[in-house]
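Working notes, structure below.
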């Protein structure tokens, strides 16, 4: 945005202010890192203690063979926790439902969904996530942590929460979108870093999946934030290792220290790994498409009202409790190994050998998986030297149950993540494959479980470098790298042939106008002129107040071209672009003129650049809130000092594809379309994000549907033509 | 580029061609990965065998106490190898001198330096790098590997080498800059991946340091390329582990397996680590500024002629040999430890306990460092449980020698890298600090060496995530992560206060017009109108051949605006932009008209889009090579079908900063400047990369120098004013 007022403001900035600005940027990153790591630690501590207490109580009852009481306590505590999570979500902050990653991703692309970053959302997300995860629902905490991180960053960036009076003047430094987006990117990096204790993975996740624009300086700041998270977490865990955190065990913050020894693998291990990747890719895309369908059904239910939402969540909780408690009864008891590496049967909370209903000296392998938190289940699956521990049937049951439970649990009205469920499901799938291959491979089953997780993550989330690094940081073994890369490559390639990234699917189903970085082929056939629709709303350089109010009330546009016409200029001249928010500020300040004559002297009088600073999300004024008398309505406003005099513009014959590149790469909100042949109106239209949406374009030009090219995906109808 | 011809070409592309295009992209990435890993492996194998043979022969002579003969053989073989490297570099491909990373980085920014990617360059770079590294010069192989990778990618991308007749039609798929740049990015990722066996680090290096534009799809392809490298290298090393690679030992490809055990570190270890980071940052910036000064002196010598260049290289080689052989005599012999983990004194090539001149049962610690390849020296420095092995004085001597030798070795006329020398120097510095701190820290000295390397790398290269991952992959220990992040953060911050990234300094000293991503503050004060200089060269839509030839011969511009004037239009209309290369093709094809009348029917006759495809670097035609008769000179050309009719344009009042963002983010080569008030000439100028260079801008507007803001760097003159 360049207008005369901001330019003057910039010129008045002195070196000390620039220094202050840079200093604040880094301070904010530090604060974000600190707060996110504290929240992440608290989150883990709470989950480990609540869920741990629940499992200790029920396990003790099981040991005492009071099975009905154990089930009653287990299911009722799960029910209560789920109910609590869904109640606070549904009544206090409905924006918290789901993982939050799609919302943050859309925000970073430039879509301002309302209220996703309020203080209320933050609190509900943290508490709701803790109780949802503790309630044994098959949901994760990574997604909510990302949203939490982004929330913390956004609230700091807009200078506190205005609604609750928690604002600080010294925090209000970042007046523009870009600085706030940068902070939110750092926040989401910190979120993953805190959830998985994977700082580098977090930075890469923010880079690969979240951010739409990225600069080297931002990488550096995100790295700083993630480093703070890593250091603070490391210090806090040091405290916990001294046993001051209740049931929070050693390595309670996820880090599955799989295999510290050297892993030998050879050329003949590659075919099973490739198979794992291919099937994982297919499963991942199946997962995505099932999830999308379930979400569509859930939306129908959720639309009926808050009551139905909560009922749905409660149903899922009851089903989950029944399955978790009921399915282990199917599995046959197995005798404890002669030389177990840990006590068998397990005493207390977590461990590989749950006794469940078995006789002394025996354990129930399915209960070791089901009757645990997800983190512990992953630890059991990833652990080495346990190749004989699980039965084929148990693993199959566990895999199928996890697969469907995670699909059905995501859409409920509570903070739910997808990362951990996908990791559990993938681990059980990989371990199953490993067990089927058996001794024909030198890889141990724990390693197969890791690769299985990688394949399902790759097939569902479709990230590359970031997933690779996250898995490496989770398992703490770099020697796995070539195998993990191979699996990710294959599963992503296979899955990409069927459908899109899970977050993109969710975003599309939520209707966010997400702007892709690449242009679709039909966009090359169309010019920008072709997609500009609707009547163009123009303002004069000196405009009547009534006109402004009328236009603002009748349209929802956020930017308007301003044209000077005779007698103020010789010919119609495009002066620039003015924003809705700035017009509203002008109207609110009532700096009106009695006659349509420019006033050069005191244009800035009574205005400060701060008045035009970007408001926090949802804090902007609305035109309906401004009262103007009839007399004022007939006065005039000189818009000139507040116009962005050099907006980006494209010529009307430019192809839509080329305009999209400009729009997306520079990160614009509006681009003006100017005529090819001068003379006549100096502007023919204005393009916004919505004009590039495939739905809009295909609506205007249905014929171009034919040349829509969906990244060469296998589409069953087109395939069926071949046969 | 959008012109009528390309548009027609695109429309004729069918689905199968799109599929072919995508398939080729991936095939190319596969080929790049395969070739780069083979080259990297061959490179290592050759160095290990050549240098290994040299050390075995001289060590054996030393054991036999024939010191003079040993020195003669050592120094003469070093001299011969250096001479060979500098001869082929100086006479065959002078572009190969140095690391090549600055050139590749500039290319990816849009600066086409001539001949940096020819087949000749590739071969000389590979062979020269092998002999330079084998000759015990303190130079690395990582930089040359990046250049090699980029070279392989570029040669594949432009469809082979035209000069040597090695072209394949099926390879000529990538007609535009973007596709070629993408391949080169993948190639440089593969280079680092092959040099350090650090695939993820390679991808991040390409992203953080090399690429100026980056898309998610590119990340995915770079990851694929790096994964191929990782898998191929892993397979080749499997072969070597069976002992079929001569002197190529276990883990010959760098991977310093430092500490497989758990590393305990506590809060009181943080202050020494911070100290290490601060001093490392200062040393790194000192390193950069000394290197820059030495390069300036070397440039004066090198300008005098090829003979002087080679003399310089030979002098450095002789000095290096003398230092490496002479300095260990200073160190006192130490008795072998009572319970050594490996034979003492070392027999054969590498090892921690070199006997050198010592009596039996003793070893020379300085010789263990100097009288080894750099890789082995790093291994010795990084190794654990060797805290008592080195003396303070030896370590200090080694550090100082490495520091200066690497600065003086970089600028010689041979392929020289900076990574490995900086790692060695940093490791010795870190180990020295560790020895000085002694038992006051629980960290072992090997760990201090790793952190020292990180601090010097951070202080000199100024990368964050990529360096962090490269070091993790080198040392294969993820538990170090928080400490490495801390050290990198501190050293980069400290060093950034003094000067720039080493590659940027080298690029600036080479005079590449590198376009930064951020705008400097004075650019906000200037409009694009202010920097447009020189007479504007316009063409008419139907232009006389003689005019075109004259303009092309008298200017060096690469793009020209085209304007239709009456009688062809009612008023002067800006039609678009035409490229020099396209004009030359038109002249070469001699599709001339006898009268200045448009011909709509057969405009495309005789032209194919391939004719206008971007030529390989340095393969373009020149205007001087085209012969035109007088009659032809008086004919006309209809430019319309070849004009890019929708070039990006900015209004003349736009600030330079805003135009720079557009230019840089969209990756433009030209941007047209149009007047604010219509009527008159429809275009007032054309901006190119050179117009944004600070030198140009400050030349035109010397007053804005005052507000030049050098990222808040400490500048001694301005500091001295305070006192």
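The values are calculated or read from the model by the stated rules, or taken from the named source; none is laboratory data. No experiment lies behind these values; they were computed from the predicted model shown. Don't worry about glycine lacking a Cβ; one is built from the backbone with ideal geometry, like all the others, and counts go over all protein chains shown.
The table that follows gives values for the structure above.
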{"read-out": "Residues of the stretch B:678-723 classified as closer than 30 Å to residue A:651 by Cβ and at pLDDT 80 or above, total", "value": "14"}
{"read-out": "Every residue from the stretch B:539-580 that is part of a strand (DSSP E or B) and within 14 Å of chain A (Cβ to nearest Cβ)", "value": "B:561, B:562, B:563, B:564, B:573, B:574, B:575, B:576, B:577"}
{"read-out": "Single residue of the stretch A:663-676 satisfying the filter (surrounded by fewer than 23 Cβ atoms within 10 Å (Cβ to Cβ) and in a helix (DSSP H, G or I)) that is farthest from the other protein chains (Cβ to nearest Cβ)", "value": "A:664"}
{"read-out": "Residue under evaluation residue B:9, criteria (1) within 16 Å of residue B:232 (Cβ to Cβ); (2) at pLDDT below 85, criterion not met", "value": "(1)"}
{"read-out": "Pick from the stretch A:439-459, criterion under 18 Å from residue A:202 (Cβ atoms) and away from chain B (no Cβ under 14 Å), ranking: nearest to the chain's Cα centre (by Cα)", "value": "A:457"}
{"read-out": "Residue B:655 vs. criteria at pLDDT 85 or above and within 35 Å of the chain's Cα centre (by Cα)", "value": "yes"}
{"read-out": "Verdict on residue A:536 being buried (at least 24 other Cβ atoms within 10 Å of the Cβ), away from chain B (no Cβ under 14 Å) and in contact (Cβ under 8 Å) with a residue 12 or more places away in the chain", "value": "no"}
{"read-out": "Residue A:52 within 21 Å of the chain's Cα centre (by Cα) and in the same structural domain as residue A:155 (by TED's automatic domain parsing)", "value": "no"}
{"read-out": "Condition check for residue A:517: within 30 Å of residue A:461 (Cβ to Cβ) and modelled with pLDDT of 85 or more", "value": "no"}
{"read-out": "Tabulated pairs, the stretch B:16-28, first outside the structural domain of residue B:154 (by TED's automatic domain parsing) and modelled with pLDDT of 85 or more, second loosely packed, with under 14 Cβ neighbours inside 10 Å and not in a helix (DSSP H, G or I), C-beta under 6 angstrom, 6+ apart or interchain", "value": "none"}
{"read-out": "Condition check for residue A:684: more than 11 Å from chain B (Cβ to nearest Cβ), under 29 Å from residue A:517 (Cβ atoms) and more than 34 Å from the chain's Cα centre (by Cα)", "value": "yes"}
{"read-out": "Residue in the stretch B:385-395 that is at pLDDT below 80, on the phi > 0 side of the Ramachandran plot and assigned to a loop (DSSP other than H, G, I, E, B) present", "value": "yes"}
{"read-out": "Residues located in the stretch A:460-498, provided they are more than 13 Å from every other protein chain (Cβ to nearest Cβ) and either buried (at least 21 other Cβ atoms within 10 Å of the Cβ) or free of Cβ contacts under 8 Å to residues at least 40 places away in the same chain (or both)", "value": "A:460, A:494"}
{"read-out": "Residues located in the stretch B:82-102, provided they are within 18 Å of residue B:411 (Cβ to Cβ) and either outside any helix (DSSP H, G or I) or free of Cβ contacts under 8 Å to residues at least 60 places away in the same chain (or both)", "value": "B:88, B:93, B:95, B:97, B:98, B:99, B:100"}
{"read-out": "Failed criterion for residue A:503 (all others in (1) surrounded by 24 or more Cβ atoms within 10 Å (Cβ to Cβ); (2) under 20 Å from residue A:448 (Cα atoms); (3) more than 7 Å from chain B (Cβ to nearest Cβ) hold)", "value": "(2)"}
{"read-out": "Test: residue in the stretch B:360-374 that is surrounded by fewer than 22 Cβ atoms within 10 Å (Cβ to Cβ) and assigned to a helix (DSSP H, G or I)", "value": "no"}
{"read-out": "Identity of the residue in the stretch A:587-603, under 27 Å from residue B:650 (Cβ atoms) and in contact with a helix residue (DSSP H, G or I) (Cβ under 7 Å, 6 or more places away or on another chain), that ends up modelled with the lowest pLDDT", "value": "A:603"}
{"read-out": "When residues of the stretch B:202-221 are limited to those that are within 10 Å of chain A (Cβ to nearest Cβ) and touching a residue at least 40 places away in the same chain (Cβ under 8 Å), the one surrounded by the fewest Cβ atoms within 10 Å (Cβ to Cβ)", "value": "B:213"}
